[in-house]
């Protein structure tokens with residue numbers, strides 16, 4: 001899906017930076033996902049699959065339930081996504097000794113070796129998005145987004 005039509009149709013220059021912030025963040029997320037999907041298509045990987053690969057890379061292992069919570073996916077959609085990664089040989093499943101109904105998910109050796117192919121393509125998306133930003137602006141945006149995310153996590157944890 002091309003995002004250029006979205007931007008022209010919605011006349012982003014007319015957005016109110018306070019009232020329309022939710023819409024703007026939603027548009028940014030859609031543009032990022034679409035761009036990552038396009039960049040990773042030659043590797044036969046999607047943005048969602050990339051997220052799972054990176055979560056497992058950073059965490060070492062996870063479960064279907066934990067990935068569903070972290071990515072806000074339902075169990076059926078996550079199960080299908082994991083099956084696709086497993087069929088590509090990027091994922092290993094092992095029974096969880098504490099809970100026989102659950103499986104530990106880890107990157108396979110092939111999955112771990114795939115990361116150096118993935119990261120430059122994903123980083124290219126963000127490099128393009130940050131075109132024209134000063135280093136200080138990038139750092140400020142990163143800081144503000146982390147603060148925003150932490151605020152939302154605090155609200156979720158109180159529920």
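Here are the numbers for this structure:
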| quantity | calculated |
| --- | --- |
| Residue count for region 136-146, restricted to those that are loosely packed, with under 10 Cβ neighbours inside 10 Å and either modelled with pLDDT under 95 or at positive phi (or both) | 0 |
| The one condition in (1) surrounded by fewer than 13 Cβ atoms within 10 Å (Cβ to Cβ); (2) over 24 Å from residue 47 (Cα atoms); (3) touching a helix residue (DSSP H, G or I) at 6+ places or on another chain (Cβ under 8 Å) that residue 102 fails to fulfil | (1) |
| Residue match in region 45-53 (condition: within 26 Å of residue 145 (Cα to Cα), modelled with pLDDT under 90 and crowded, with 16+ Cβ neighbours inside 10 Å) | no |
| Tally, over region 128-139, of residues that are under 20 Å from residue 27 (Cβ atoms), assigned to a helix (DSSP H, G or I) and more than 16 Å from the chain's Cα centre (by Cα) | 3 |
| Search result, residues across region 67-99 that are within 14 Å of residue 45 (Cα to Cα) and touching a strand residue (DSSP E or B) at 6+ places or on another chain (Cβ under 8 Å) | 82, 85, 86, 90, 91 |
| Enumeration of residues in region 105-125 that are surrounded by 12 or more Cβ atoms within 10 Å (Cβ to Cβ) and free of Cβ contacts under 8 Å to residues at least 12 places away in the same chain | 119 |
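The values are calculated or read from the model by the stated rules, or taken from the named source; none is laboratory data. What you see is a predicted model, and the numbers here were worked out from it, not measured in a lab. So basically every Cβ, Gly included, is an ideal-geometry build from the backbone, and we count neighbours across all protein chains shown.
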